[in-house]
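The values are calculated or read from the model by the stated rules, or taken from the named source; none is laboratory data. On a predicted model such as this, the values are computed, not experimentally measured, just so you know. In this analysis, Cβ positions are derived from the backbone assuming ideal geometry, glycine residues included, and neighbour counts consider all displayed protein chains. With ligands, DNA and RNA removed, areas are computed over all heavy atoms of the protein, side chains included. Shrake-Rupley method; radii C 1.70, N 1.55, O 1.52, S 1.80 Å.
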Amino acid sequence: EPEVTQTPSHQVTQMGQEVILRCVPISNHLYFYWYRQILGQKVEFLVSFYNNEISEKSEIFDDQFSVERPDGSNFTLKIRSTKLEDSAMYFCASRGRIRGEQPQHFGDGTRLSIL
Amino acid sequence: EDKVVQSPLSLVVHEGDTVTLNCSYEVTNFRSLLWYKQEKKAPTFLFMLTSSGIEKKSGRLSSILDKKELFSILNITATQTGDSAIYLCAVTPGAGGTSYGKLTFGQGTILTVHP
C-alpha cells in the first residue's frame, strides 16, 4: 500500500540553525499538509498546500516557516532560525483527489530536537 | 475556533472487554470527522464519517456520528493487546472555498489493554 515517507526520522539542531524536513507524499495525491505535535500535546495543523501554493496556514506558521514542492515528488518544510519551542514531532500528510471526501494519510514523522 | 474534545483521556481494560471512546466537536460548517490510531509513530487512518447515523465498521472497530448532538463514538469489541494505542479524533471544516481540509485534533484517548 502506498505511504507517505518522511526523512530524517530524527533531527538534532542547534538553536538558530535552519532545518529542512522532507516528505514524499503518496504519488497521486493533490493536497499536502504539515502538522506538529509537541510532546504530550495535541497534533496541531501548520499549513496546507495545493496547486503549488499555500492554501491555508495556522498562526504557528509564521515568517520563520516555509514550504516548497521543488519537484514532482518532494514536499519540504523549512524552519529558518530554529527556537527551543520548535522541538516537536513534525508530521507530513497527503490527501487524494478533489472530488469526494478523502482522508489524510500521515507519514511516520520527524522528531526535531532543538538544543 | 474549531474545537474537539475526547473522553476519557485514558482507559485501562483487559483483553476481551468492549470499549467506547467519545468525541465531541464544535466546527464551522462541518465537513467530516475522522478517527485515527496512533501507536509509536504515524496516526493511522481508521474511519471517516460525514453523515449522521450511518455506522462504519471494520472488524472489531465501529464508529458512528451524530451531527445533531455534535459527537461521535468509536467502539472496539473483544479488545486485544494490539489495540493499545492513542485514538485520535479530528474534524475538518466545510469547503466554502476557504478550507482545504485542515484537521483539528482532539487530545486523544490513551487505551491500554492488559492481557
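For the pair A and B, the buried accessible area comes to roughly 1800 Å² in total, with a 1.4 Å probe and the value rounded to the nearest 100.
Peptide B:101-112 has a mean of 5 when you count, residue by residue, the C-beta atoms of other protein chains within 10 Å of its C-beta. Computed in the context of the full set of protein chains, the accessible area of region B:3-114 at 1.4 Å probe radius has 52% of its extent on carbon or sulfur. For region B:73-82, backbone phi angles converted through the Karplus equation (6.51, -1.76, 1.60; θ = phi - 60°) give residue-by-residue couplings of 10, 10, 9, 10, 9, 6, 4, 10, 4, x Hz, Gly and Pro being listed as x.
Computed from label points 7 Å out along Cα-Cβ, the spacing between A:Ser113 and B:Ser52 is 4.9 nm. Each of B:Phe105, B:Ala42, A:Ser113 was scored by the projection of its Cα onto the charge dipole of the protein assembly as shown, and the greatest displacement toward the positive side belongs to B:Ala42; charges sit on the C-beta of Lys, Arg, Asp and Glu. Counting only Cβ charges, +1 for Lys and Arg and -1 for Asp and Glu, the dipole size of the protein assembly as shown around its Cα centre is about 300 debye.
Annotation for B:Ser7 and A:Thr13: the two label points, set 7 Å from Cα along the Cα-Cβ direction, are 4.0 nm apart.
Label positions at A:Lys83 and A:Leu30, each projected 7 Å from the Cα along the C-beta direction, are separated by 3.6 nm.
The phi torsions of region A:41-55, fed into the Karplus equation with coefficients 6.51, -1.76 and 1.60 and a -60° offset, translate into couplings of 10, 6, 6, 10, 6, 10, 7, 10, 9, 8, 6, 6, 8, 5, 9 Hz, rounded to whole numbers, with Gly and Pro shown as x. Pairs exceeding 18 Å between alpha-carbon atoms, taken from B:Lys3/B:Lys67; B:Lys37/B:Lys57; A:Lys42/B:Lys67; A:Lys57/B:Lys41; A:Lys83/B:Lys40; A:Lys42/B:Lys57: A:Lys42/B:Lys67; A:Lys57/B:Lys41; A:Lys83/B:Lys40; A:Lys42/B:Lys57.
Of the residues B:Gly59, B:Thr18, B:Thr92, the one whose Cα sits farthest toward the positive end of the charge dipole of region B:3-114, with +1 on the Cβ of Lys and Arg and -1 on the Cβ of Asp and Glu, is B:Thr92. Available extension along the chain between B:Ser24 and B:Glu69 is 15.4 nm, counting 0.36 nm per residue and deducting the alpha carbon span.
With charges set only on the Cβ (+1 for Lys and Arg, -1 for Asp and Glu), what does the dipole of region B:3-114 come to about its Cα centre, in debye to the nearest 20?
It works out to roughly 380 debye.
Here region B:51-115 is treated with +1 on each Lys and Arg Cβ and -1 on each Asp and Glu Cβ, and its dipole about the Cα centre works out to around 140 debye. In region B:3-114, a dipole from Cβ-located charges (positive for Lys and Arg, negative for Asp and Glu) runs towards its positive end, and of B:Pro8, B:Ile76, B:Thr28 it is B:Thr28 whose Cα lies farthest in that direction. Between region A:1-73 and region B:3-38, the C-alpha centres lie 25 angstrom from each other. Probing with 1.4 Å while keeping every protein chain in the model, the per residue accessible area of chain A equals 52 Å². Rounded to the nearest whole Hz, the Karplus-based 3J(HN,Hα) values (6.51 cos²θ - 1.76 cosθ + 1.60, θ = phi - 60°) of region A:75-87 follow the sequence 9, 10, 10, 10, 10, 5, 9, 5, 10, 4, 6, 7, 4, with x at glycine and proline.
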